[in-house]
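The values are calculated or read from the model by the stated rules, or taken from the named source; none is laboratory data. Nothing here was measured: the structure is a model prediction, and the numbers come from that model. FYI the Cβ positions are ideal-geometry reconstructions off the backbone, even for glycines, and counts take in every protein chain you see.
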Amino acid sequence: MFRPKSLLSFILAFSSFSSSAWAQATFGAEFNFTNDLIDRTAQGSYVNSPESEAARDRMMKAVRNACANCYIQAKENGYGVKTYRVTYPDGWYFDIATDPAVVEVQTKPSTVAEIKLYQDRIQKHIFDTAASVDLLPASEIMGTHWAGSHIHIGAVSALGDGVAAVKLLKNFMVDFSNHPELAMGIFSADRANAPPLGMLPQAQRDAFAQICADVDAGKIRSINTFARRVRKEVYNVTIMQDWAPSTKYQAFNVNRIGDRAFDLLIQTFEIRAMRGQESSLDFLIQTELLEARIKHIQSLGKSIEVKIPNVYMSEEAKAEAFYKYVTETGLAFDPYVKFLTPAQRVFLPGIIARTPSLCRRIF
């Protein structure tokens with residue numbers, strides 16, 4: 001994590017983000033790996049177990065063997081559990097940690113360009129070394145509908161600041177909520193861990209619509225205020241009533257925005273309803289889509305209306321909504337076919353035939 005050592009260093013770091021030319025959005029991964037033994041012996045919400053800690057240590061040793069010029073440092077995370085930070089000579093890093101029923105790898109916040117640059121590194125030193133110590137991508141054990149491999153998006157890097165930032169965050173969250181298929185069968189369908197906003201009670205959906213109206217009316221002028229009101233008025237409940245905090249267990253999480261425990265430049269909003277990555281390519285195409293969607297929304301130059309359609313959609317409706325979600329940005333759909341189930345893919349020829357698109361690829 002970036003921790004400025006002084007007020008001067010913070011000012012210098014923050015000044016690099018000109019309000020007229022913000023940096024590219026950064027994305028942080030939570031790659032999850034497990035096996036039958038770790039999954040079977042996990043104890044509820046405990047972030048570690050003897051089995052997961054042993055696997056974490058084996059993975060660290062495999063990384064050390066695979067990357068001779070990497071510096072590996074042991075430290076403790078916020079839960080008081082040992083983690084390993086693997087740092088490269090160029091400054092890029094990842095942490096090997098544990099989370100319930102998994103070994104979790106958290107990457108340095110990186111732009112899409114950096115993720116593409118380091119794609120081979122991520123594959124060889126994370127996914128391949130995990131496989132070498134009998135750790136599989138968690139989705140292969142828990143199923144593709146499970147949501148555990150979340151993606152954090154840098155708030156400052158993606159949004160900027162001030163009124164423009166809060167409008168963009170609002171529009172992106174509205175857009176995500178207007179596409180419940182993402183959290184109901186495309187990227188995941190984990191209603192306990194990452195339910196879409198459309199699954200919350202009507203009172204919460206109405207509160208969200210009012211918050212968005214207040215943004216449009218100029219009554220909310222910072223992302224901190226927006227996030228605080230979402231947490232207080234919308235995310236005061238979640239599907240699993242005994243899971244706490246309720247603000248965490250949502251498909252689109254804003255817990256770190258305005259949280260003083262995190263420096264400004266590492267505050268994030270989190271996509272929790274995300275398909276578990278099974279390769280470095282999966283992470284790349286997911287972040288390319290999120291970045292393209294942010295840019296698409298920004299290019300519209302208008303407020304996006306809160307619709308939040310019925311979350312219980314047919315497989316054809318899910319496939320069609322996702323096809324539009326991707327191709328409206330100008331991206332080709334080819335790489336994203338893999339996120340459709342066989343039952344959804346059968347509808348693609350008809351969807352493509354009747355849907356205007358910037359993408360002209362043939363499947």
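Here are a few things to note about the model shown:
Table: residues versus (1) more than 14 Å from Ala273 (Cβ to Cβ); (2) in contact with a Cys (Cβ under 6 Å, 6 or more places away or on another chain); (3) in contact (Cβ under 8 Å) with a residue 40 or more places away in the chain.
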| residue | (1), (2), (3) |
| --- | --- |
| Lys167 | yes, no, yes |
| Lys170 | yes, yes, yes |
| Asp175 | no, no, yes |
| Asn178 | no, no, yes |
| Leu182 | no, no, yes |
| Ala189 | no, no, yes |
| Asn193 | no, no, yes |
| Asp206 | yes, no, no |
| Gln210 | yes, no, no |
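- Some residue of the stretch 324-335 being under 30 Å from Ala209 (Cα atoms), in contact with a His (Cβ under 6 Å, 6 or more places away or on another chain) and among the β-branched types (Val, Ile, Thr): yes
- Yes/no for Thr327 being of a type in the set (Val, Ile, Thr), closer than 27 Å to Ala227 by Cα and either in contact with a helix residue (DSSP H, G or I) (Cβ under 8 Å, 6 or more places away or on another chain) or free of Cβ contacts under 8 Å to residues at least 40 places away in the same chain (or both): no
- Among the residues of this structure, Tyr235 counts as one that is surrounded by 23 or more Cβ atoms within 10 Å (Cβ to Cβ), under 26 Å from Gly185 (Cα atoms), aromatic (Phe, Trp, Tyr) and free of Cβ contacts under 8 Å to residues at least 60 places away in the same chain.
- Odd one out for Val166 among (1) at pLDDT 95 or above; (2) among the aliphatic types (A, V, I, L, M); (3) within 18 Å of Lys248 (Cβ to Cβ): (3)
- From Ser222, Ser279, residue being out of contact with any His (no Cβ under 9 Å at 6 or more places or on another chain), closer than 30 Å to Asp120 by Cβ and touching a residue at least 24 places away in the same chain (Cβ under 8 Å): Ser279
- Whichever residue in the stretch 25-80 is touching a residue at least 40 places away in the same chain (Cβ under 8 Å), out of contact with any His (no Cβ under 6 Å at 6 or more places or on another chain) and of a type in the set (Val, Ile, Thr) and, among such residues, is surrounded by the fewest Cβ atoms within 10 Å (Cβ to Cβ): Val47
- The number of residues in the stretch 23-48 being closer than 16 Å to Tyr84 by Cα and in a loop (DSSP other than H, G, I, E, B) comes to 2.
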